[in-house]
1. With the checklist (1) assigned to a helix (DSSP H, G or I); (2) at pLDDT below 95 in hand, flag the one item TYR32 doesn't pass.
2. Given the options VAL68, VAL40, VAL45, name the one that is at pLDDT 85 or above and surrounded by 17 or more Cβ atoms within 10 Å (Cβ to Cβ).
Amino acid sequence: MLARTLFAVLFLVAGAMHFVITPVYVSIMPPYLPAPALLVQISGVCEMLGGLGILIPATRPAAAWGLVLHAGHWPSIPAWVLWARLPLQLPLIYWAWLYTRR
């Protein structure tokens, strides 16, 4: 229960940060996407909904899959940064995957 709550809070905070530091997220959006600020806010809402969904037994598996499949494609970010994030991403994906099972 504690791990699940911590996981949910992680995504609630991460989603909220999309609204707190929107310009930072907009700066890493691919330039060919329209309405970057809106897309940042939509993705923030999705992360927060995923975090909330983890807390509700009926929505937990779907929310967990949504968080596992949440992947970004950021061509403007240097490759070394993406590789540096990998050690953090794999445990987060595994952690979300744990909640896909009933």
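The values are calculated or read from the model by the stated rules, or taken from the named source; none is laboratory data. None of these values were measured; they are calculated from a predicted model. Reconstructed Cβ throughout: ideal geometry from the backbone, glycine too, with neighbour counts over all protein chains shown.
1. Exception for TYR32: condition (1).
2. VAL40
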